[in-house]
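Novice: My questions all concern the structure below.
The values are calculated or read from the model by the stated rules, or taken from the named source; none is laboratory data. Keep in mind that this is a model prediction, so the values were computed, not measured. Counting neighbours? That spans all protein chains shown, and the Cβs are built from the backbone with ideal geometry, glycine included. The protein model used for the area step is the full one, side chains on, heavy atoms only, and it has no ligands, DNA or RNA in it. Shrake-Rupley method; radii C 1.70, N 1.55, O 1.52, S 1.80 Å.
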Amino acid sequence: MSEPAIFVMLALVGLVAGWINTVAGAGSLLLLPALIFTGLPADAANATNRIAVLVQSGAAVWGYHRAGLRIGRAERVLTLAGALGGVLGAFIATLLSARIIHHAIVVALAVMLVLSVLPKRKPEHEKLTLPPPTAFAVFGLFVIGIYGGFLQAGVGILVLLFLSLALSAGLVASNVLKSTLTLALSVVSLAVFAARGETIDPLRGAALAIGSGVGGYVGAHSTVKLGEKWIRLGIVIAVLSALGKLVFDALGG
């Protein structure tokens, strides 16, 4: 595949992922496999992926700010806990070979795919702010941050599920924290990867980032006619196809 074709393909995947993330979630599960399909080793794909996530999460945080949803003390404390975990997780990733990272991506995508299609509990009364964080919540976000620093894919799913169970948090408040934490994880993980000499492909990352940004904007300003059920079915088909290719490559390697 030629370089221009690779960039066009990544931009299209980013477009779809950004749109899916806005209207249903879990679109980021498509980004890592897309980078690996272009020929990047798994460790380089894991680092490069953070560029697109940085742009996408930054746009989301800005959007929430524009909508009047501010970052309070609870969000700052939990984001800091997750970011500290992210530093540790990213450092661990730099110690492992591309082959091990490849296997870890296969396992993570499979688990996150299952979690992404589980029915979400909806609180009776939606709250726009998080309750005061407990020690358990802080520790939980630290652990999730370790995963997010190690592998970004699906970290938002973990955040939403954990906040729902640990704090009975509403979806709006949880999504604000998810975006804030994802932005922080992207910054710290990119810093660790760069400091440790990991390969980061800025052009591939930029192609994904541009597509993700456009897709998120379109998703936020469009009416979803297919419905979440059909969108999630599309996610399942796409991620299962990617998993099949990743497993085939792992066995063949």
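Novice: On the given criteria, is ARG66 surrounded by fewer than 24 Cβ atoms within 10 Å (Cβ to Cβ), under 18 Å from LEU130 (Cβ atoms) and either in contact with a Cys (Cβ under 8 Å, 6 or more places away or on another chain) or among the charged types (D, E, K, R) (or both)?
Specialist: Considered against the rule, which asks whether it is surrounded by fewer than 24 Cβ atoms within 10 Å (Cβ to Cβ), under 18 Å from LEU130 (Cβ atoms) and either in contact with a Cys (Cβ under 8 Å, 6 or more places away or on another chain) or among the charged types (D, E, K, R) (or both), ARG66 comes out as no.
Novice: I'd like to know if the stretch 24-44 contains one or more residues that are more than 23 Å from VAL143 (Cβ to Cβ), without any contact (Cβ under 8 Å) to a residue 60 or more places away in the chain and open to solvent by 20 Å² or more (accessible area, probe 1.4 Å).
Specialist: yes
Novice: Continuing with the same structure: Which residue out of GLY154, GLY197, GLY216 is farther than 18 Å from ILE71 by Cβ, of a type outside the set (A, V, I, L, M, F, W, C) and more than 14 Å from the chain's Cα centre (by Cα)?
Specialist: GLY197
Novice: So, in the stretch 11-35, exactly how many residues are modelled with pLDDT of 90 or more and either more than 16 Å from the chain's Cα centre (by Cα) or not in a helix (DSSP H, G or I) (or both)?
Specialist: So the count comes out to 2.
Novice: Between residues in the stretch 190-214 that are free of Cβ contacts under 8 Å to residues at least 24 places away in the same chain and over 23 Å from LEU29 (Cβ atoms) and residues that are open to solvent by less than 70 Å² (accessible area, probe 1.4 Å) and part of a helix (DSSP H, G or I), which pairs lie under 7 Å by C-beta distance while being six or more apart or on different chains?
Specialist: Pairs found: none.
Novice: Now for a different question. When the residues of the stretch 50-63 are narrowed to those that are under 11 Å from LEU208 (Cα atoms) and not hydrophobic (A, V, I, L, M, F, W, C), which ends up surrounded by the fewest Cβ atoms within 10 Å (Cβ to Cβ)?
Specialist: This residue is ARG50.
Novice: Tell me, yes or no, whether the stretch 60-82 has at least one residue that is within 17 Å of ALA206 (Cβ to Cβ) and in contact with a Leu (Cβ under 7 Å, 6 or more places away or on another chain).
Specialist: Within the stretch 60-82 (the criterion being within 17 Å of ALA206 (Cβ to Cβ) and in contact with a Leu (Cβ under 7 Å, 6 or more places away or on another chain)), the answer is no, since none of the residues qualifies.
Novice: Let me ask something else about it. Residue by residue through the stretch 69-85, note down the ones that are more than 16 Å from GLY145 (Cβ to Cβ) and either among the aliphatic types (A, V, I, L, M) or surrounded by 20 or more Cβ atoms within 10 Å (Cβ to Cβ) (or both).
Specialist: Correct list: LEU69, ILE71.
Novice: To continue, here is another question. Could you list, in sequence order, all residues of the stretch 166-191 that are hydrophobic (A, V, I, L, M, F, W, C) and surrounded by fewer than 19 Cβ atoms within 10 Å (Cβ to Cβ)?
Specialist: Hits for the stretch 166-191 are ALA166, LEU171, VAL172, VAL187, ALA191.
Rundown of residues vs (1) open to solvent by less than 60 Å² (accessible area, probe 1.4 Å); (2) modelled with pLDDT of 90 or more, yes/no style:
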| residue | (1), (2) |
| --- | --- |
| PHE91 | no, yes |
| LEU95 | no, yes |
| VAL106 | yes, no |
| LEU118 | no, no |
| PRO123 | yes, no |
| LYS127 | no, no |
| LEU130 | yes, no |
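So that you can scan it fast, the table gives a plain yes or no per residue for (1) more than 23 Å from LEU158 (Cβ to Cβ); (2) modelled with pLDDT of 75 or more; (3) assigned to a helix (DSSP H, G or I):
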| position | (1), (2), (3) |
| --- | --- |
| SER179 | no, yes, yes |
| VAL187 | no, yes, yes |
| GLY219 | no, no, yes |
| SER222 | yes, no, no |
| LYS245 | yes, no, yes |
| ALA250 | yes, no, yes |
